[in-house]
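Here is the structure we will look at, set down as C-alpha cells.
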Amino acid sequence: MSSYAIQVHNVSKVFRKRTGWLGSKTIRRWALRNVNFHVEDGEAYGLLGPNGSGKSSLIRVLSTLLTPDEGWAEIMGMRLPDQERDVRRVIGRVSVDAAYYKKLSARENLMFTARVYGLDPAVAERQSRAILEQLGFDPKRFGDPLEDMSRGMQQKIAITRALLVDPPLLLLDEPTTGLDPKSKRDVMIFIEDLRRRKNTTILLTTHDMNEAERLCERLGMLAHGKLVAEGTADELKRVAALRDGFPSISTLEDAFLALAGEKLVDSDAAPAGEVA
Amino acid sequence: MVRQMLGFVYRDWHLTRRYWSWVAVFTIYALVSSATVTLIGVAAKDVRLTLTLTVGVLLWSFLSVLFNEIAMSIAFERWEGTLEYTFMAPVSRLVHMFGVSLYALSYAVFRALFVLAGLFVFLDLSFRGANLWGMLVVLAASSFAFVGLGLIAATLPVMSPERGAEATNIFQSVLLLVSGIYYPVSVLPRWLQPLAAVSPATYALSASRKLMGIDTYSGQAPLRGAAFSDVLPEIGILLLMGVVLVPLGFFVFGRCEAWAKRTGKLKRTG
Ligand SMILES: Nc1ncnc2c1ncn2[C@@H]1O[C@H](COP(=O)(O)OP(=O)(O)OP(=O)(O)O)[C@@H](O)[C@H]1O
Ligand SMILES: [Mg+2]
C-alpha cells in the first residue's frame, strides 16, 4: 500500500495504423514508452511536453479510457484496469476538446453528469451554480445551449463538470487553453483554493509555463512518449543548464526547449530518471 | 442506480426536445410513408390486405425505432465527443444501456401511437374484435430481442464511424425484408426462409396477425382475434430470443469497449 495518489509503472502504449495495399503494412506510433512516475497525495504535478508527446494519452490511461500495452497504473491504491469502476469514482477530468451535448443547455449537460454520478440533482445544481460563479461565468447563460457559447465559456462548463462530483483527484488536460487572461487567472485561483480546502491531488498538462510553475510542485517533461526529466521547476532549469552547457537558462520555457527539444529526443537514451 | 438509469432518460428526453424539428420531420415522414403503404390495401378494395399492411407498418414503426435509438446512441455520442465522458462515469454498462433502452422504448411507443392515430385520418379502420391486449404483450415480449439486437448494432459505429452506420441500415433493411412485415414469409424465396426463421420480427408479426384476426378474417366485421393462448408459442420464442440476445448484446458490447480502449477508438478523432 502506498500513499500515492497516482503511481505509473513502466507504462507503454503504441497505436497501430494499417496502411498500404489492403492494410498489409502497419505503422506503429509510440504514444508512451516505459513511463514511470508517481504523484503524492495532495500534490500538484504538471506534465509538460511538445504536441504529440503523449500527455493526453497518459491522462487517458489514468482515466480508464485507454488500456496500456505494458506496465500498470494505480490510482489511490486501486489497480487499473481491474478496479476501473472504483477508480472512476475518484477522478474528474477536463480535456481540451469540446465534449458536450452541444444542443443541450449548460444546466442539462451538468445535471446529466450529476445524475449519472448518482448525485441529488437539486444539490448538484446549487453547487454547479456556485462553482460557475467563482469561475466568473455569467449565471444568465446557464440555460443556453452549449453551441451558443464561446470557447472559454464552454471550458468553464467542462471544469464545473469535473468539479461537480467533488473528486479527490483531478486530471486536467490543458484546462485553460482558450481562456482569456482573466478567466485563466480565475481558474488558477480556483484550483489553488480547491487544494487548500480539500487537499485535492492534481495532474495538469499545459503549454503555459507560467501556469505550470505557479500551480505545480513538481513537473515531468515528456518527449516522444518518454519521461525525459522530472523535478521542481528550479531543478529542471538547473538540469537543463548543466546538460546543455547553457548556464544562461533562467526560465522554464528555456528549460522546456532544452529538455524536450529534438536534440535530446533523437538519441534513444533511456529516460533521465529523477532529478534532485 | 435507478437515479443513474433515469439520468440517461433525462438526457435523451432533452435531446429529443432540443432536436424537436428533426423529431417532427421523422415522425411525419413515418406517418406519411405508413399511410402510403396502407392505402395500397384500400386501392385494392381488400380489407384484409389493408389490415395486414396496417399491422405491419405499426409494428415496424415500433420495432425499428426501438432498434435504431439504441443502435445510434453510441454513434451519436462519438459524434458529439461525449463518449469518453459517458464511459468514464462510474456507471455500469448494464445500467447505462438499460437507461438508453428505457427511453428508446417510451419513444418507440409514442411514435407508434402517433402513427396509429394518424392512420385513422387516412383510413376507415375498425379494430373491433381484435385482441389488442394480446398485441401489447407481443410488443413487450419482442422488445427484449430488439434491445439485444440494438446493443450489438450499437458497437458497430465504435469500430468504424462511417461503416458502422451503413451496416446498421443494411441490417435493418434485411430485417424488414425477411420478417414478412407486409406479406407472409411464405412468399420469400426458399433461400431466404432460414433468415425469416431467426428474425424476432417474424414471430411478432405472425402473433399480431393472429391476435388481430387477420388470418381468419371472413369479409365482414367484427374481427375475430385469436385468444392469447393461441400465440403462446410465438411469445415463447420471442422471450427465448430476448433471453439469448440481451446477454449476448451486453457481451458483445463489453468486448467492443475493451477493444476500443486498447486501440484508442473512443476518441472522436483517430
Ligand atoms: N486514439 C488514437 N489513435 C491513434 N493515435 C493516437 C491516438 N491518440 C493519440 N495518438 C498518437 O499518440 C501520440 C501522442 O498523442 P497525445 O494526444 O497523447 O499527445 P499530447 O502530448 O497530448 O499532444 P498535445 O500537446 O497536442 O495535446 C501522437 O502521435 C498521436 O498522434
Ligand atoms: Mg493533448
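The values are calculated or read from the model by the stated rules, or taken from the named source; none is laboratory data. Just so we're clear, the structure is a prediction, and the values are computed from it rather than from any experiment. A quick note on method: Cβ atoms are made from the backbone with ideal geometry, for glycine too, and the neighbour counts reach across all protein chains shown. For accessibility, only protein heavy atoms count, side chains too; no ligands or nucleic acids. Shrake-Rupley method; radii C 1.70, N 1.55, O 1.52, S 1.80 Å.
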Legend entry - Test: A:Gly23 is touching a residue at least 12 places away in the same chain (Cβ under 8 Å) and either under 21 Å from B:Arg262 (Cβ atoms) or in contact with a strand residue (DSSP E or B) (Cβ under 8 Å, 6 or more places away or on another chain) (or both): no
Legend entry - In segment A:188-206, the residues that are in contact with a Pro (Cβ under 9 Å, 6 or more places away or on another chain) and either open to solvent by 10 Å² or more (accessible area, probe 1.4 Å) or farther than 18 Å from A:Lys55 by Cβ (or both): A:Ile191, A:Lys198, A:Asn199, A:Thr200
Legend entry - Of the criteria (1) touching a Lys or Arg at 6+ places or on another chain (Cβ under 8 Å); (2) more than 14 Å from chain A (Cβ to nearest Cβ), which one B:Glu257 fails: (2)
Inset, instruction - Using the structure shown, decide if B:Ser64 is open to solvent by 10 Å² or more (accessible area, probe 1.4 Å) and within 14 Å of chain A (Cβ to nearest Cβ). - result: no
Inset, instruction - Could you list, in sequence order, all residues of segment A:177-223 that are hydroxyl-bearing (Ser, Thr, Tyr) and at pLDDT 90 or above? - result: A:Thr200, A:Thr201, A:Thr205, A:Thr206
Inset, instruction - May I ask you to list the residues in segment A:37-53 that are in contact (Cβ under 8 Å) with a residue 60 or more places away in the chain, away from ligand 2 (no atom under 11 Å from the Cβ) and of a type outside the set (Gly, Ala, Ser)? - result: A:Phe37, A:Val39, A:Glu40, A:Asp41, A:Glu43, A:Tyr45, A:Leu48
Legend entry - Matching residues in segment A:54-71 - criterion: being of a type in the set (Val, Ile, Thr) and near ligand 2 (Cβ under 9 Å from one of its atoms): A:Ile59
Inset, instruction - Please find, within segment B:113-141, the residue that is modelled with the lowest pLDDT out of those that are within 18 Å of B:Thr38 (Cα to Cα) and β-branched (Val, Ile, Thr). - result: B:Val121
Inset, instruction - Determine whether A:Lys140 is of a type in the set (Lys, Arg) and outside any helix (DSSP H, G or I). - result: no
Legend entry - Pair list, Cβ < 9 Å and 6+ apart or interchain, from segment B:148-165 residues that are under 17 Å from B:Leu102 (Cα atoms) to residues that are of a type in the set (Asp, Glu): B:Gly150/B:Glu69
Inset, instruction - Find the helices (runs of 4 or more DSSP H) located wholly in segment A:1-116 whose residues include 2 or more that are open to solvent by less than 20 Å² (accessible area, probe 1.4 Å), within 12 Å of ligand 1 (Cβ to nearest atom) and within 14 Å of chain B (Cβ to nearest Cβ), and list them. - result: A:55-62
Legend entry - Qualifying residues in segment B:1-19 (those that are more than 7 Å from every other protein chain (Cβ to nearest Cβ) and not polar (S, T, N, Q)) - the one most open to solvent (accessible area, probe 1.4 Å): B:Met1
Inset, instruction - Report yes if B:Ala226 is farther than 22 Å from B:Val147 by Cβ and open to solvent by 30 Å² or more (accessible area, probe 1.4 Å), otherwise no. - result: no
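Please verify whether B:Arg128 is surrounded by fewer than 18 Cβ atoms within 10 Å (Cβ to Cβ) and either part of a helix (DSSP H, G or I) or without any contact (Cβ under 8 Å) to a residue 12 or more places away in the chain (or both), treating the condition exactly as stated. Lay out the reasoning, then the answer.
Numbers: surrounded by fewer than 18 Cβ atoms within 10 Å (Cβ to Cβ): yes; either part of a helix (DSSP H, G or I) or without any contact (Cβ under 8 Å) to a residue 12 or more places away in the chain (or both): no.
No: the conditions fail for B:Arg128.
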Inset, instruction - Determine, yes or no, whether A:Asp173 is within 16 Å of ligand 2 (Cβ to nearest atom), in contact (Cβ under 8 Å) with a residue 12 or more places away in the chain and open to solvent by less than 10 Å² (accessible area, probe 1.4 Å). - result: yes
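Report whether or not A:Arg141 is away from ligand 2 (no atom under 16 Å from the Cβ), farther than 18 Å from A:Gly46 by Cβ and out of contact with any Cys (no Cβ under 9 Å at 6 or more places or on another chain).
Against the criterion (away from ligand 2 (no atom under 16 Å from the Cβ), farther than 18 Å from A:Gly46 by Cβ and out of contact with any Cys (no Cβ under 9 Å at 6 or more places or on another chain)), A:Arg141 qualifies.
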Legend entry - Scope segment B:20-46; condition open to solvent by less than 100 Å² (accessible area, probe 1.4 Å) and within 14 Å of chain A (Cβ to nearest Cβ); matching residues: B:Ser21, B:Val23
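Only one of these is in contact with a helix residue (DSSP H, G or I) (Cβ under 9 Å, 6 or more places away or on another chain), within 30 Å of B:Thr202 (Cβ to Cβ) and hydrophobic (A, V, I, L, M, F, W, C): B:Leu59, B:Leu6, B:Leu83. Name it. Steps first, please.
On the way: B:Leu6 fails: within 30 Å of B:Thr202 (Cβ to Cβ); B:Leu83 fails: within 30 Å of B:Thr202 (Cβ to Cβ).
Just a single option satisfies the conditions, and that option is B:Leu59.
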Legend entry - Subset of segment A:125-184 that is within 18 Å of B:Glu80 (Cα to Cα) and among the polar types (S, T, N, Q) - its residue that is farthest from ligand 1 (Cβ to nearest atom): A:Ser150
